Amino acid sequence: MRKLTPFLIIFLSLFLFSDIVTAEDPIEYKLAIIDAGGYVPKDHITVTRFRSLLEQLSKTYVENNQQISDMTVTAQNLLLKKGINESLLNIMGGLNKLFSKPIENQKYAEYAASYVTLRGNGYSHTEAIQGLKAVLESMGIY
């Protein structure tokens, strides 16, 4: 059941925008709509930014684009439950900046969970990303 949670969150979010989004629409467009809280044109700059981030993140992490998207929306929803409003673009962008070189077998899920934990403990977005980088550096991974 845990594996369905991110999917269900995306599905419910998209259900709210069912008059805007179709199943055939690309993931980056769906993310842009969720992040905006409503309609965005298909050629909007945020769609392009999400596409670029998904391409970069899927090269860094073992998860695919759909999994990365689901986990990012889940992270955003967990933050919202803690009273923290953070955009999907910022979450993905921050987790994209963690590595200065390619490192194999990195799991987006682990870094997203750590990010949510740090944010929930009072760290700002920048502090959370810097904290994750510091941990990676101390392990010789960064």
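Observations on the model:
- Value of relative contact order over the range 4-138, rounded to a whole percent, pairs C-alpha under 8 Å and six or more apart: 23 percent
- In order through the range 39-47: 3J(HN,Hα) via Karplus (6.51 cos²θ - 1.76 cosθ + 1.60), integer Hz, x for Gly, Pro: 4, 9, x, 5, 9, 5, 4, 5, 5
- Taking all pairs of distinct alpha-carbon atoms in the range 4-138, Kirkwood radius in angstrom: 15.1 Å
- Exposure proxy ranking for ILE129, ILE68, ILE84, based on other Cβ atoms within 10 angstrom of each Cβ and starting from the fewest, stands as ILE84, ILE129, ILE68.
Taken together, the values in this text are just the output of simple stated rules run on the coordinates, not laboratory data. Just so we're clear, the structure is a prediction, and the values are computed from it rather than from any experiment. FYI the Cβ positions are ideal-geometry reconstructions off the backbone, even for glycines, and counts take in every protein chain you see.
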